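Notes follow the structure.
A short reminder: the numbers here are calculations on the coordinates, not readings from a lab. Please read all numbers here as calculations on a predicted model, not as lab measurements. As a convention, Cβ positions derive from the backbone with ideal geometry for all residues, glycine included, and neighbour counts pool all protein chains shown.
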Amino acid sequence: MAEDDQMANVKFQPGKKFGEWVIKKRLDEGGFGQVYLVENGKKEKGALKAESNEVEGGSAIKLETMILKQLNKNGPVPHIPTVYHAAKRNKYCYMVMMLLGDNLKHLKTDQPKERFTRGTWSRVGIQCLYSLKYLHDCGFIHRDIKPQNFVMGHPEDGARSRMVHILDFGLARPFASFDEKRKKWVARKARGSAEFRGTLRYTSPNVHLRKEQGRVDDVWSLLFVLIELNGGLPWQTEKERDKVEQMKMSLDNRTVMQNMPICMGNILPHLHSLDYYQRPDYHLFFKSLWQVMLNEKITPTSKYDWESPEQEENAKKFKPADWEKPEGPYFSSDPIGINGPPEGPAANSENPNNDGGLKSGEDKSKSNSKPAKNWLQVSPSLLSVQSSGGTVKFTMKNEHFEPIVYKVKISNVENYRVNPVFGIIQPKSSAEVEVVRTAGAIKIDRIVVQFGNVTKGETSTDAQKVFSTIKDTDRLTVPISAVNK
Ligand SMILES: Nc1ncnc2c1ncn2[C@@H]1O[C@H](COP(=O)(O)OP(=O)(O)O)[C@@H](O)[C@H]1O
Ligand SMILES: [Mg+2]
């Protein structure tokens, strides 16, 4: 079914009734559905989100409702909206939820020079991190962290009006479950590879490597969101998928963080050191943002960029929010206690193709996950790649401490060979591969390298043997123009 028709299923006119709720006007539209302002007989307001049942994989509203109810199971919590009502109809699903205010993308666009002041930015960042950690502490990862999925509370909603809320759980996935017998949280086993999920601009390098996303990847996306809200990402204006991917994979930390406050410098190296199971250091992130707030001589109650002086005055009446504590105790708390792979039976080992039956990301190019035939596939989050005159050099980035193994292949292109085909790259060193044109003049602009981590404890230097033991090979495409010369 065409996308227009899917949207037509959820285009409602003012006056249409959903139980006690009546449509007043449209508020916004997302990748898959429509969001409306609704009101009930008691003049209470809400937001109704509707999604066609005919979108690929079905509507995610049911999943969203389930997650939101789970997040609020002990009563309403800060930074999380509540659900009032949800239902399925023939052509669509809908839910009515707490009415919130504007999203961070709109708020940013409305600012002079389209950027927040650091005083606003740092406090927004802390609150986004708060909401994300809360989601993680309930066992879910979001997988679509972006400015449109964070919204302020409604301006008429008291203390909530100054609170960032996290939204849109359509791509969320449990990464852990509570084992009732053992009375503890157990990590869900990572799949060997996973489909691309998320929005191209904000996904972490791991997502480009088709790795299972964990808490680290949400936090990574949040860092990208904050870099964008602070002025822009290096790939901000780049639309081509391959170029974005290549930039994310090859730029060093300093370039990615170039316009960011210096006190945020230790976050990226930390994220690079984590795997799917490990718990990100939320407190480290909090402390850097709090420091930015202090440097700006801003307090938690200072005016936000979009607020009027009256709103600032009004804000002093509210009791301090939970994040407004210099020591940030919330950010060091770890109610889940997972920081490594599961011991004993894992929660939900499963078919690698099963993504939980959720909808696909707004990035419609996800089906491009297979690289073109004659591409060089590498794992650039760990390696930087240079090529010149037929030689390709891979250098291990400083943050990586374990040897990795590579395998080079030029598929479906005759008259070329690579030398060597297999190899191991040791930490802080490089490997060179020669690309030799044996005959003819076929032009290739990309070749392929696969790589994987050497299994822990593996000492063999026989790269081919090591490679055959690697379960989780990763690929990425990198254009290598120089090999044609
Ligand atoms: N409860 C709400 N109150 C106010 N605006 C909302 C609410 N929920 C969503 N919106 C607006 O609608 C947009 C799309 O909602 P979202 O849940 O992200 O849908 P999608 O899954 O289609 O992206 C958001 O970016 C936000 O601006
Ligand atoms: Mg959204």
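Backbone phi angles across region 277-290, fed through the Karplus curve with coefficients 6.51, -1.76 and 1.60 (θ = phi - 60°), yield HN-Hα couplings of 7, 7, 7, x, 7, 4, 5, 4, 5, 4, 4, 5, 5, 4 Hz in residue order; Gly and Pro are listed as x. Converting phi to 3J(HN,Hα) with the Karplus coefficients 6.51, -1.76 and 1.60 and the offset θ = phi - 60°, region 52-61 yields 5, 6, 9, 5, 3, x, x, 5, 9, 4 Hz in sequence order, with x at every glycine or proline. The alpha carbons of region 102-332 occupy a box of 54, 48, 30 Å along the principal axes, longest dimension given first. Put simply, when 51-61, 212-222 are sorted by average Cβ atoms within 10 angstrom per residue, most first, you get 212-222, 51-61. Between Asp28 and Asn90, full extension at 0.36 nm per residue minus the direct alpha carbon distance yields a gain of 20.1 nm. How many percent of all Cα-Cα pairs in region 3-98 sit more than 20 Å apart? That tail contains 34 percent of the Cα-Cα pairs.
The distance between label points at Glu432 and Glu195 comes to 4.3 nm (points 7 Å beyond Cα on the Cα→Cβ vector). Scanning residues 5 or more positions from Asp179 or on other chains, those with amide H under 5 Å from its amide H are Lys184, Trp185, Val186, with H placed 1.01 Å from N in the peptide plane. In the frame of its principal axes, region 1-43 has Cα extents of 38, 16, 13 Å, reported largest first. Exposure proxy shown here: for Tyr330, Tyr202, the number of other Cβ atoms within 10 Å sets the order, fewest to most, as Tyr330, Tyr202. When each of Arg254, Arg201, Arg241, Arg162 is scored by the number of other beta-carbon atoms lying within 10 Å, the sequence from fewest to most is Arg254, Arg241, Arg201, Arg162. Rounded, prolate or oblate: which fits region 202-253 when a ≥ b ≥ c are the square roots of the eigenvalues of the alpha-carbon gyration tensor, with rounded for a/c under 1.5 and prolate only if a/b beats b/c? Since a/c reaches 1.5 but b/c is at least a/b, the shape of region 202-253 is classed as oblate. Put in order of Cβ neighbour count within 10 Å, fewest first, the listed residues Asp252, Asp242 become Asp252, Asp242.
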